[in-house]
């Protein structure tokens, strides 16, 4: 290993319909598909989407894997994604009819955030660093 830190992390998320989720991310959230692979059945089996350098890969579940959770269920994994202008992005998604599940909020850790849920139940936080952390009473940064 070269000793250089990792620069990119890309979660791989199993979904029932890669095409459906890829449409949501590209058409409504403004991501760009950088790669897709069709399976033997001709359906999209894998797709990578990117927004401002942040990448997410979606794939169909592997054979023998646990079934994908229903969209109404909240998943344990949430995605925290930095954007250049969180307020402008918030307005853009509202104009596109995206349901904002947590409003635009200044968090004590110094980020301005809002949150949506994708069609598969994954919560995406969009944020912009706007200040220094100001922990609430009783919270100590270590």
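Key figures
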item: Which of 20, 90 has the fewest Cβ neighbours within 10 Å, and the rest in rising order; result: 20, 90
item: Length-normalised contact order for the chain - Cα pairs under 8 Å, 6+ apart - percent; result: 20
item: Helical mean residue ellipticity (222 nm; -39500 (n - 2.57) per DSSP H run of 4+; nearest 500) of the chain; result: -3000 deg cm²/dmol
item: The chain: angle of helix 86-95 to the longest principal axis, Cα-based, in degrees nearest 10; result: 50
item: Gain in span if fully extended, residue 38 to residue 107, counting 0.36 nm per residue against the direct Cα distance; result: 20.8 nm
item: Per-residue Cβ neighbour rank within 10 angstrom, fewest leading, 9, 79; result: 9, 79
item: Per-bin percent of Cα-Cα distances, the chain [10 Å]; result: 10, 35, 33, 17, 4, 0
item: The chain: antiparallel DSSP beta bridges as a percent of all, rounded to 5; result: 75
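Each value in this text was obtained by applying a stated rule to the coordinates, not by laboratory testing. Please read all numbers here as calculations on a predicted model, not as lab measurements. So basically every Cβ, Gly included, is an ideal-geometry build from the backbone, and we count neighbours across all protein chains shown.
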